[in-house]
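Q: Sending over a structure as structure tokens; questions will come in a sec.
The values are calculated or read from the model by the stated rules, or taken from the named source; none is laboratory data. Predicted, not measured: the structure shown is a model, and the values here were computed from it. Glycine gets a Cβ as well: all are built from the backbone with ideal geometry, and neighbour counts include every protein chain shown. Remember, those area values only see protein heavy atoms, side chains included, never the ligands or the DNA or RNA. Shrake-Rupley method; radii C 1.70, N 1.55, O 1.52, S 1.80 Å.
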Amino acid sequence: MERIEEKLKILADAAKYDVSCSSSGSKRKNTGRIGDASASGICHTYTEDGRCVSLLKILLTNHCIYDCAFCVSRRSNDVKRAAFTVEEVVELTMNFYRRNYIEGLFLSSGIFKNADFTMERLMRIVKKLRLEEKYNGYIHLKTIPGASEELIKEAGLYVDRMSINLEMPTEVGLKMVAPEKDHESVKKPLAFVQNQIQEYKAESKLIKHTPQFVPAGQSTQMVIGATPETDLEIMNVAKTFYNDFKLKRVYYSGYIPINTENSLLPQVGSRPPLVRENRLYQTDWLLRFYDFNLDEILNPKHQQLDLDIDPKLSWALRNPQYFPIDINTADYKQIIRIPGVGRQSAMKIIQSRKFGRLSEYQVKKMGIAFNRARHFMRCADTPIILGTPSMEYVKQTILQRNSTKYLTTVSDTQLSLF
Amino acid sequence: MQYIFDGTYNGFLCCVFEYFEYKDSNVQLQVEGDDATQTFLFDSDKSIITDLVKAKRVQTGLQKHLGKSIAMDFFRVFLSEDRKAWAASFNIICQIFSGKTNILGNYGSEEVLYFKQTLKKVSRERHRMKAFIRFSRSSDGMFFAVIEPDFNVLPLITTFFKNRYADQKWLIYDVKRKYGLLYDKENVMEVKLSPEEKHALTTDTVITLDEKDEHFQNLWKRYYQSTNIEARRNMKLHLQYVPKRYWKYLVEKQV
């Protein structure tokens with residue numbers, strides 16, 4: 001294998017556990033040379049695990065001075081080490097970009113020597129791309145915790161998105177697996193960048209040509225299932241971070257066992273908690289786009305999300321008093337609370353009912369999950385049923401008819417035992 | 001009554017013009033050369049001549065009623081090449097000009113729903129082409145790509161590629177519809193290739209690739225493999241996102 005190919009293998013492999021790949025949110029324009037950022041983002045391909053490949057996601061190096069138990073690049077792990085040169089990263093990015101393989105670069109790094117030294121090296125790549133190659137495509141840069149504010153501030157002028165990973169959802173969890181790290185060193189730079197974003201925004205209202213500063217905002221990631229936090233704890237942390245730092249995204253990454261030495265972590269070979277991860281994302285969406293409050297979905301009485309049903313359905317089953325909702329009269333906010341009805345379907349219903357009362361056969365075709373929704377809504381031709389069915393009965397009926405991903409996941413686990 | 005037109009969007013718009021000029025009843029659209037045309041040819045059928053002035057008037061009218069971007073939706077749906085969607089579009093346009101300007105919000109109507117669903121399919125294909133096009137670099141510095149999209153979406157992605165790759169010459173060729181777009185660093189023009197040129201483009205035998213092109217293709221394949229997490233393998237989802245019919249032109253899917 002050629003050396004550059006081997007480096008790419010090692011450093012892409014080490015970077016892949018960061019799930020963020022989004023290339024959205026930036027509107028960087030091409031100024032006559034190469035590249036622009038597509039506001040909606042583009043996934044150029046998908047791996048066999050079904051994850052989107054939008055950016056060339058690599059580490060500058062997997063040499064690291066830290067020894068975090070959950071991380072594949074930890075100091076004590078016996079893996080091959082490699083480091084790209086600045087020129088190599090720039091050449092790869094430009095050649096992949098010009099062939100339309102990627103939307104841009106996602107650059108992270110193990111910490112070598114110290115934070116500033118690492119951050120400064122990352123900056124050299126970013127600046128070379130922007131200033132020498134005149135590249136206007138997407139760049140996502142990991143903020144290195146502990147790097148100086150001058151460096152972070154300068155980086156923000158060249159990149160589209162910055163992120164720092166929380167790693168474990170709570171400080172207690174983090175200390176268990178990474179004693180050298182703490183949440184404070186994540187919060188500080190997140191807050192600093194957020195302040196800068198706001199300052200630049202305020203300034204751009206007064207002055208016409210204010211440079212863009214991290215136009216696609218910040219994100220973070222939490223590893224799920226490595227440490228024993230409940231879903232309530234996880235979502236509480238996410239909510240706080242969305243509020244305090246105006247994050248664009250919080251990513252939840254089901255832990256993939258990679259450590260044979262640490263007995264606190266799930267054993268190598270056990271399946272990553274993919275359904276749980278999916279449920280957390282669904283909850284995240286309900287909070288951000290469906291106007292749910294966290295305590296409606298998760299609260300001290302109900303600390304874990306159901307794995308067999310989605311969180312909106314779970315909420316509806318616990319709150320039968322709000323149903324059925326009449327889709328011909330209810331407002332948008334009520335309609336999006338019907339399990340199986342998304343925002344787009346709700347908009348279609350609102351628009352279409354101006355032309356006449358809607359019947360079941362019509363809403364069925366609009367793309368709603370009728371199997372779930374039918375128990376919670378009333379259409380023009382829905383027969384009136386006296387009394388309310390028990391929610392346990394409703395749940396069973398839905399599960400029986402719904403043999404999609406939940407059941408296949410269960411049978412997968414069972415089969416893998418043999 | 002059947003309107004037989006030439007299968008172009010302008011021809012389609014002229015059918016609308018014809019309808020409002022003569023108020024024919026029960027109009028069906030037919031394309032010259034479609035199989036059915038011969039079998040159902042009656043005396044009362046009309047051959048619609050494409051007249052750019054008339055087409056422009058209909059298009060302007062649509063823009064006036066709906067705004068520029070929604071008026072574009074009819075062009076987008078037309079690119080689906082789906083005759084049923086064309087029929088739905090025709091009826092919807094006729095109703096819009098008859099005063100029902102907000103009819104596009106009526107998802108309860110079969111025709112509107114079909115129109116919107118087709119629009120979504122075309123948009124999805126347009127988005128996929130932005131994502132799935134893979135350029136190869138020839139030795140003279142031209143970046144070229146071959147595509148075979150489900151719908152005729154080339155016109156919808158021109159601006160995107162022109163803006164993004166402003167400093168490189170590129171050619172995107174649709175083998176299914178036998179035409180391509182060529183960008184010379186200034187303008188985009190439509191090109192039809194001679195059979196020999198087409199052969200060269202699709203077989204890699206005649207066009208000499210840049211000496212480093214294979215190198216970067218290999219690196220890209222290597223990256224694609226390394227970024228996969230085996231423990232999360234989910235082929236069902238993978239195939240949903242990257243249906244097999246696209247694999248032929250995806251570098252990372254070539255063994």
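Q: Hey, what's the stretch A:110-168 come to in accessible area per residue, 1.4 Å probe, Å²? Let's see the in-between values first.
A: Numbers: 1980 Å² over 59 residues.
About 34 Å² of surface per residue is accessible.
Q: Please go through the stretch B:151-255 and write out the GluC sites (Glu not before Pro) that DSSP classes as loop and that have at most 10 other C-beta atoms within 10 Å.
A: On the way: sites: B:186, B:190, B:196, B:197, B:211, B:214, B:230, B:252; in loops: B:186, B:211.
Here the sparse-neighbourhood loop sites are B:186, B:211.
Q: Mind putting a number on the dipole of chain B about its Cα centre? Charges go on the C-beta only, +1 for Lys and Arg and -1 for Asp and Glu, and I need it in Debye to the nearest 20. Intermediate values should be presented prior to the final figure.
A: Values: 39 positive and 33 negative charges, 264 e Å.
Using only the charged Cβ atoms, the result is roughly 1260 debye.
Q: Quick query: amide H of residue A:254 versus all other amide H atoms, modeled in the peptide plane; which residues come in under 5 Å with a sequence gap of 5 or more or a different chain?
A: Counting only residues 5 or more places away or on other chains, the set is A:224.
Q: Work out the charge dipole of chain A with +1 on the Cβ of Lys and Arg and -1 on the Cβ of Asp and Glu about the Cα centre, then indicate which of A:60, A:238, A:352 is farthest towards its positive end.
A: Toward the positive end, the furthest listed residue is A:352.
Q: With the crude spin-label approximation of a point 7 Å out along Cα→Cβ, what separation in nm comes out for residue B:44 versus residue B:184?
A: 5.2 nm
Q: If you don't mind, another one. Spelling out what I want: for every residue of the stretch B:18-32, take phi, set θ = phi - 60°, compute 6.51 cos²θ - 1.76 cosθ + 1.60 (Karplus), and round to whole Hz; glycine and proline get x.
A: 4, 4, 6, 6, 10, 6, 5, 9, 6, 7, 10, 8, 9, 9, 3
Q: I would also like to ask the following. Please report the antiparallel percentage of DSSP beta bridges with both residues in the stretch A:1-109, rounded to the nearest 5.
A: Details: 3 of 8 bridges.
Roughly 40 percent of the DSSP beta bridges within the stretch A:1-109 come out antiparallel.
Q: For residue B:179, enumerate residues with amide H under 5 Å from its amide H, sequence gap 5+ or separate chain, H modeled in the peptide plane.
A: So residue B:179 has HN proximity to B:174.
Q: Something else now. When the Cα centres of the stretch A:267-316 and the stretch A:89-121 are compared, how far apart do they sit, in Å?
A: 34 Å
Q: Extending each Cα 7 Å along its Cβ direction at residue A:393 and residue A:329, get the distance between those two points in nm, one decimal.
A: Each label point is offset 7 Å from its Cα along the Cβ direction, giving 2.5 nm.
Q: What is the helix-to-structure angle for B:110-132, meaning the angle in degrees between its Cα long axis and the longest Cα principal axis of chain B, kept from 0 to 90 and rounded to the nearest 10?
A: Once rounded, one gets 20 degrees.
Q: Enter the accessible area of residue A:291 (Å², nearest 10), with the probe set to 1.4 Å and all protein chains included.
A: Roll a 1.4 Å probe over it and residue A:291 shows about 90 Å².
Q: For B:234-241, what's the mean count of beta carbons from other chains sitting within 10 Å of each residue's beta carbon? Present the calculation step by step, with values, prior to reporting the outcome.
A: On the way: counts 10, 3, 3, 7, 7, 3, 2, 7.
Going residue by residue through B:234-241 and averaging, the value is 5.
Q: Can you give me the accessible area per residue for the stretch B:119-248, using a 1.4 Å probe, in Å²? Intermediate values should be presented prior to the final figure.
A: Values: 6370 Å² over 130 residues.
Value for the stretch B:119-248: 49 Å² per residue.
Q: Order the following by accessible area, largest value first: A:375, A:63, A:209, A:44. Probe radius 1.4 Å; ligands, DNA and RNA are ignored.
A: On the way: A:375 50, A:63 85, A:209 165, A:44 0 Å².
The residues order as A:209, A:63, A:375, A:44, largest area first.
Q: Across the stretch A:291-386, how many lysine pairs, 8 or more positions apart or on different chains, have C-alpha atoms separated by under 16 Å? Please give the number.
A: Working: A:312/A:333; A:333/A:348; A:348/A:364; A:348/A:365.
Going through the stretch A:291-386 pair by pair, I get 4.
Q: Heavy atoms of the protein only, probe of 1.4 Å, neighbouring chains included. What is the accessible area of residue A:134 in Å², nearest 10?
A: Counting only protein heavy atoms, the figure is 90 Å².
Q: Per residue of A:349-357, what is the mean number of Cβ atoms on other protein chains within 10 angstrom of that residue's Cβ? Before the final figure, lay out the partial values.
A: On the way: counts 2, 2, 7, 7, 4, 4, 9, 3, 1.
That average works out to 4.
Q: Across peptide B:106-118, how many C-beta atoms of other chains are within 10 Å of each residue C-beta, on average? Please report the intermediate quantities before stating the final value.
A: Details: counts 8, 15, 16, 4, 2, 0, 3, 6, 1, 0, 3, 3, 0.
Partner-chain Cβ atoms within 10 Å, mean over residues of B:106-118: 5.
Q: Among A:323, A:95, A:144, whose Cα projects farthest towards the positive end of the dipole of chain A, with charges put on the beta-carbon of Lys, Arg (+1) and Asp, Glu (-1)?
A: Value: A:323.
Q: Considering the protein assembly as shown, which cysteines have no disulfide-compatible partner, defined as another cysteine with its Cβ under 4.7 Å away?
A: When partners are defined as cysteine Cβ atoms under 4.7 Å apart, the protein assembly as shown leaves A:21, A:64, A:379, B:14, B:15, B:94 without one.
Q: Compute the semi-axes of the equivalent ellipsoid of the stretch A:1-130, taking the square root of 5 times each eigenvalue of the Cα gyration tensor, and list them largest first in whole Å.
A: Details: eigenvalues 129, 59, 41 Å².
So the equivalent ellipsoid measures 25, 17, 14 Å along its semi-axes.
Q: Can you tally the net charge around residue B:17? Count Lys and Arg as +1, Asp and Glu as -1, for every other residue whose Cβ sits under 11 Å from the Cβ of residue B:17.
A: Numbers: positive: B:54, B:56, B:57; negative: B:18, B:21, B:51.
Local charge sum for residue B:17: 0.
Q: Here is a follow-up. Chains A and B: what accessible area do they bury, summed, in square angstrom to the nearest 100, with a 1.4 Å probe? Intermediate values should be presented prior to the final figure.
A: Working: alone 21070 and 15420 Å², together 31320 Å².
Summing both sides, the interface buries roughly 5200 Å².
Q: Taking every DSSP beta bridge that has both residues in the stretch B:136-223, what percent is antiparallel when rounded to the nearest 5? Could the numbers behind the result be given before it?
A: Values: 12 of 17 bridges.
That works out to approximately 70 percent antiparallel.
Q: What Kirkwood Rh does the protein assembly as shown have if only Cα atoms enter the pairwise 1/r average? Answer in Å. Intermediate values should be presented prior to the final figure.
A: Values: mean 1/r = 0.0355 Å⁻¹.
Every distinct Cα pair counted, the radius reaches 28.1 Å.
Q: What do you reckon, how do A:68, A:52 stack up by accessible area (1.4 Å probe), largest on top?
A: Numbers: A:68 10, A:52 30 Å².
Sorted by accessible area, descending: A:52, A:68.
Q: Same structure again: Can you pull the percent of chain B's accessible area that's carbon plus sulfur, 1.4 Å probe, other chains left in place? Walk me through the numbers before you get to the answer.
A: Details: 6470 of 12810 Å².
So the carbon and sulfur contribution to the accessible surface is 51 percent.
Q: Net charge near residue B:116: determine it from the other residues with C-beta under 14 Å of the C-beta of residue B:116, scoring Lys and Arg +1 and Asp and Glu -1.
A: Details: positive: A:348, A:365, B:76, B:84, B:120, B:121, B:124; negative: B:73, B:82, B:110, B:111.
Residues close to residue B:116 contribute a combined charge of +3.
Q: Quick check for you: with a 1.4 Å probe and neighbouring chains kept, what is the accessible area per residue of the stretch A:272-415, in Å²?
A: Result: 53 Å² per residue.
Q: A further question on this structure: Could you give the distance between the Cα centres of the stretch A:170-245 and the stretch B:176-193, to the whole Å?
A: 46 Å
Q: Here is a follow-up. List the relative contact order of the stretch A:195-336 as a percent without decimals, with contacts defined as Cα pairs under 8 Å and 6+ residues apart. Intermediate values should be presented prior to the final figure.
A: Values: 139 pairs, mean separation 27.5, N = 142.
RCO, the stretch A:195-336: 19 percent.
Q: Continuing with the same structure: Given the rule -39500 (n - 2.57) for each run of at least 4 DSSP H residues, summed and divided by the residues of chain A, what is its mean residue ellipticity at 222 nm, to the nearest 500 deg cm²/dmol?
A: Values: 16 runs with 165 residues, N = 418.
Taking each H run of at least 4 residues, the total per residue is -11500 deg cm²/dmol.
Q: Could you derive backbone 3J(HN,Hα) for the stretch A:162-168 from the dihedral phi with the Karplus parameters 6.51, -1.76 and 1.60 (θ = phi - 60°), listing whole Hz in sequence and x where the residue is Gly or Pro?
A: Values, residue by residue: 10, 8, 9, 8, 6, 6, 9 Hz.
Q: Still on this structure, please answer the following. How much net charge surrounds residue A:116 when only the other residues with a Cβ under 15 Å from the Cβ of residue A:116 are counted, with Lys and Arg +1 and Asp and Glu -1? Before the final figure, lay out the partial values.
A: Values: positive: A:113, A:121, A:124, A:142, A:153, A:188; negative: A:120, A:149, A:150, A:154.
Computed value for this residue: +2.
Q: If DNA, RNA and ligands are ignored and the probe is 1.4 Å, what is the ranking of A:130, A:343, A:401, A:121 by accessible area, most exposed first?
A: Working: A:130 25, A:343 100, A:401 160, A:121 65 Å².
Solvent-accessible surface, decreasing: A:401, A:343, A:121, A:130.
Q: Just to be sure I understand: of the beta bridges DSSP finds with both ends in the protein assembly as shown, what percent are antiparallel, rounded to 5?
A: Details: 16 of 51 bridges.
In the protein assembly as shown, approximately 30 percent of DSSP beta bridges are antiparallel ones.
Q: Whose amide H sits under 5 Å from the amide H of residue A:57, counting only residues 5 or more places off or on another chain, with H placed in the peptide plane?
A: Residues meeting the criterion, in which the H sits 1.01 Å from N, are A:106.
Q: Once phi is turned into ³J(HN,Hα) by the Karplus curve 6.51 cos²θ - 1.76 cosθ + 1.60 with θ = phi - 60°, what whole-Hz value does each residue of the stretch B:134-148 show in order, with x for glycine and proline?
A: The phi angles translate into 10, 8, 10, 9, 8, 5, 8, x, 7, 9, 10, 9, 10, 10, 8 Hz.
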